[in-house]
Each structure stands twice: as structure tokens, then as C-alpha cells.
1. Taking neighbour counts of Cβ atoms within 10 Å as a proxy for exposure, in what order, fewest first, do 152, 166 appear?
2. Using the Cα centre of region 1-81 as the reference point, and only Cβ charges (+1 on K/R, -1 on D/E), how large is the resulting charge dipole? Debye, rounded to the nearest 20.
3. Restricting to bridges with both residues inside the chain, how much of the DSSP beta-bridge set is antiparallel, in percent to the nearest 5?
4. Hey, what number do you get for the chain at 222 nm if only DSSP H runs of n ≥ 4 count, each worth -39500 (n - 2.57), divided across all residues, to the nearest 500?
5. Can you compute 3J(HN,Hα) from phi for each residue in region 146-151, using the Karplus curve 6.51 cos²θ - 1.76 cosθ + 1.60 with θ = phi - 60°, rounded to whole Hz and x for Gly and Pro?
6. Could you pull out every residue, at least 5 positions away or on a different chain, whose amide H is within less than 5 Å of the one on residue 246? Hs are placed 1.01 Å off N in the peptide plane, and Pro or chain starts have none.
7. Report ³J(HN,Hα) in whole Hz for each residue of region 83-94, in order, from the Karplus equation J = 6.51 cos²θ - 1.76 cosθ + 1.60 where θ = phi - 60°; Gly and Pro get x.
8. For residue 146, what residues show an amide H to amide H distance below 5 Å, using hydrogens built from the backbone and excluding near sequence neighbours?
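Since every read-out is calculated from the coordinates, none of them should be taken as a lab result. If you're wondering where the values come from, they're calculated on a predicted model, not measured in any experiment. Positions of Cβ are backbone-derived with ideal geometry, glycine not excepted, and every protein chain shown enters the neighbour counts.
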Amino acid sequence: TLGKDIAGNPVVADLGKMPHLLVAGTTGSGKSVGVNAMILSLIYKSDPSAVRMIMVDPKMLELSIYEGIPHLLAPVVTDMKQAAAALNWCVGEMERRYKLLSAVGVRNLASYNQKVRDAKKAGSPLTHPFSLTPDNPEPLETLPMIVVMIDELADLMMVVGKKVEELIARLAQKARAAGIHLILATQRPSVDVITGLIKANIPTRIAFQVSSKIDSRTILDQMGAEALLGQGDMLYLPPGTGLPQRVHGAFVSDSEVHRVVDYLKALGEPDYIEGMLDAPDEGGDGGTEFGEAAEADPLYDQAVAYVLKTRRASISSVQRQLRIGYNRAARMIEDMERAGLVSSMQSNGNREVLAPGGDA
């Protein structure tokens, strides 16, 4: 839900069709209230099994209010290095979902979830094509949509820069079918923040009041946003059209957000994914200083025991079993290779477990 148009009719947009959204506006233009209204309209009508969220909030004020709601995949991110790690996790999750969708033979997340539900209803649930126990594979479950909410893109671009731009571009290009959606907000709509690469892949834009025609052109590719009145007055540019629609955003007070958050917290605890916010390149530069990074990992022994028991040395299986991030699992497998427990990667992408199973 965005708000009302000039005739007073409600304006509702489907995030699945957008599929990503870029929001910009100066301080005091109503941008943060608009973002809160969007988040509330998502979590109001969707339970955590249908929608999960990752929130990045450099200002530590706007989105931290949602800390602890069951929809979150990780605590609200305020450290920009962790934000890059969260986006990195999203790219890994997108690739994993694509493999799963391909194996099941569907084109998007909605079709996948429908197929899983239909199979369950028919009494013959679909089994996991990449199960760790192929003889007795676990049944497939429906997957939630993932919404990544970044409240201040400018701060993220300044701290982490090029790397984040590439991750956002990759997600914007491919993540729609996997059910991952981006909502990016910034109060500095300049070309060094909203780069050509990001703009090209995010067709849906919302401009609140901006200070100049140039800023308006950066967001909407046309003038007009500089003449808005502020206080939630916005121009909404839907996908597939060059004509923006004038909308007055819904107002959400802080007390109302607190009431909704308190209610959601009472419904259940958030189920965070461990390791999602681990720095992507931690210990990845080689050299003796970081050589023992994975072996010093508290879960390394568990990972070794698991690999020796199952005789399977794949990054994704370690990742799933220990519920850790892709990079952390990859470092563990590489350390096992250095220790001589597993072979290097063969031409078919598999690794052979060299150590006997009794060592576990």
C-alpha cells in the first residue's frame, strides 16, 4: 500500500511485479514514513512463512524499531561491512533457489510453492532433489519471499562501494524469479549513489520531494519531483510506463509501528540464519596470518565429523547441515582440503573424501 491518488482512491502496488523498488527524497520529505508504511503493509498481511526480511539501517534509528519481529532473517544490520555480507548471502540463496526451481521444473517461486502445496494435498509430497540422505530424502517445503530493505543506500555505497553495486545489480537482474526483492531508499539521489548499473536494473521508482531538477532527473529520468510539496507527496513510476503517478503516502506514526511490532513479537521469536552477517572475505586473502581461520572456527570439528560420516564434501551440504553462510562453509571445506581430509575439486565439481570414516 502506497497511499491515495489525487482523486482519493487507494494506490496499491504488487512488489512481486515491480520486482524491485528505488525510493529517493530529501530529509523531511516523508521518505522514512513511506518506507515504514510499505513494511507494515507487507508484515500486516503476510506471516513469516510467506515473507522474510533483511533490514539494513545505517542510521540506526529508522528500521531498528523492527528488531525482534519473526519476519527477520537476521538482526537489523547497522554495520555496513555486515550489510555487504548479507547481500552476498542473498546472492548465494538466489543461486541455491535457482538450482531447486530448475530441478523441480518450474520458472518462479510462486509456481514452485503451488507445486509443493498441490503435491502435499494429493498425498505424495515432492522430495528434495539435493537431499543429504538420497535414500530417504526429506519432503520439500514452501519457500518464503525475501525482501531486502536498505534504508540509506548512499552510506552503503560510500563505505563498501563497488562490491555492493555489483551485488545489488546481480540481485536486481536475476533475483525476481527466486522470490528475492530489493527496496532501496536514499536521501542523496546523485549519480554516484544511484549509478547507471543500479538504475538499469530497477525499473520501479518513487520520488519524494527533492531539492533540484537534476536530482529528479536522476531518479525518474524526468523533472517534476522538485515541485512536490513534501510530507509524503510522491511521484510513483510503475514498471513498464514512462508516466509517473502522483500519490500522497499513508502516514504511520511511531506509536502505531511500536504497537504492530509488539504484537508481532508476542507471536513468536525470530528464526535467524546463523553466519549470514559474517564478513564475506574474512581470512580470504591467504598468507600465514589467516591460514588457520576455518580451523579456528568453533564449528570446524562438527563440519569434519559430518563430512567423514556422510562421505560427501560439498559446500552446500555443510552449509545446510550447520546452518551457516556460504563463505564460512567454503573456508571449512578448503581447510579440509589443505589438511588432506578431502581431495581438490574434480572436473565434475565433486570432491572425494580421502580420510577414513573411523576418524570421526
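1. On the way: 152 22, 166 13.
Least to most surrounded, the residues fall as 166, 152.
2. That gives a dipole near 120 debye.
3. Antiparallel bridges make up about 40 percent of those DSSP assigns within the chain.
4. Calculated mean residue ellipticity at 222 nm is -11500 deg cm²/dmol.
5. These are the phi-based 3J(HN,Hα) values: 10, 10, 9, 10, 10, 7 Hz.
6. Amide H to amide H, under 5 Å and 5 or more residues apart or across chains, residue 246 pairs with 236.
7. Values, residue by residue: 5, 4, 5, 5, 5, 4, 4, 4, 5, x, 5, 4 Hz.
8. Close amide H contacts, sequence-distant or interchain: 52, 180, 181.
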